[in-house]
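For reference, the structure is listed below as structure tokens.
The values are calculated or read from the model by the stated rules, or taken from the named source; none is laboratory data. In this text, all values refer to a predicted model and were calculated from it rather than measured experimentally. Quick reminder, even Gly has a Cβ in these numbers, built from the backbone with ideal geometry, and neighbours come from all protein chains shown.
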Amino acid sequence: MSYDRYVAICKPLHYGTLLSSRACVHMAAAAWGSGFLNAVLHTANTFSLPLCQGNAVDQFFCDVPHILKLSCSHSYLREFGLVMFTAFVFWWCFVFIVLSYVQIFRAVLRIPSEQGRLKAFSTCLPHLAVASLFISTAMFTHLKPPSISSPSLDLVAAVLYSVVPPAVNPLIYSMRNQELKESIRKVIFRMVLNSGQFFITLQE
């Protein structure tokens, strides 16, 4: 998404070329493929860990740090290696996002009209906010020292990086679509109208 915003704002005349349907397919395949590979490696390694401290996880899903707490084998070092590998890949994605937004903000600040700057910022800031929330809470969850770990804190952090970004992404990206806005207005208006008619019927 940061690359899409970068091309749209910094290279608008080349948007169709740089972000053709083929390029989008390649980027989506790379993202899904790397995510799937990462998940498979973590899952396979997690199932190979012997658990000697029960099988109850203080979390609403089997997060890697909580599984490692239940392990009684030195094989957790393999999982630590996988976490470091994931962090390395994650770091390069983070650097790419930061560099993209540095270029975007430099281009936006050169826009002469204030209205144009506001429009460009309104396009970028929602994505930047969600990406920052996901990155910061995921890094905190997986890289924090055990001394500051608590079940409630871990639960809040896990919700912030695993539930909130996927939930708000459709709203952020689709609410810019004028047709969708009109459809939502019509649905809300129809619901209000129907509820009003329902209350009138009850009173009669």
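Condition first: at pLDDT 80 or above, assigned to a helix (DSSP H, G or I), not assigned by TED's automatic domain parsing to the domain that holds Asn38 and not β-branched (Val, Ile, Thr). Can you find one or more residues in region 132-151 that meet it? So far as region 132-151 goes, no, none of its residues is at pLDDT 80 or above, assigned to a helix (DSSP H, G or I), not assigned by TED's automatic domain parsing to the domain that holds Asn38 and not β-branched (Val, Ile, Thr).
If you go through region 43-56 one residue at a time, do you hit one that is at pLDDT 75 or above, part of a helix (DSSP H, G or I) and in contact with a Lys or Arg (Cβ under 8 Å, 6 or more places away or on another chain)? The answer is yes, given that some residue of region 43-56 is at pLDDT 75 or above, part of a helix (DSSP H, G or I) and in contact with a Lys or Arg (Cβ under 8 Å, 6 or more places away or on another chain). Within region 101-146, the residues that satisfy the criterion of being within 18 Å of Lys11 (Cα to Cα) and within 17 Å of the chain's Cα centre (by Cα) are Tyr101, Thr123, Cys124. Scanning region 19-63 for residues that are within 22 Å of Pro151 (Cα to Cα), in contact with a Ser or Thr (Cβ under 9 Å, 6 or more places away or on another chain) and free of Cβ contacts under 8 Å to residues at least 24 places away in the same chain turns up Leu51, Cys52, Gln53, Cys62. Can you work out which of the residues in region 1-40 that are part of a helix (DSSP H, G or I) and of a type in the set (Lys, Arg) is farthest from Val130 (Cα to Cα)? Here the answer is Arg22. Residues in region 132-149 that are closer than 17 Å to Val164 by Cα and among the hydroxyl-bearing types (Ser, Thr, Tyr) were compared, and the one that is surrounded by the most Cβ atoms within 10 Å (Cβ to Cβ) is Thr141. Assess whether Leu82 counts as being of a type in the set (A, V, I, L, M, F, W, C), surrounded by 16 or more Cβ atoms within 10 Å (Cβ to Cβ) and touching a residue at least 24 places away in the same chain (Cβ under 8 Å). The answer is yes for Leu82.
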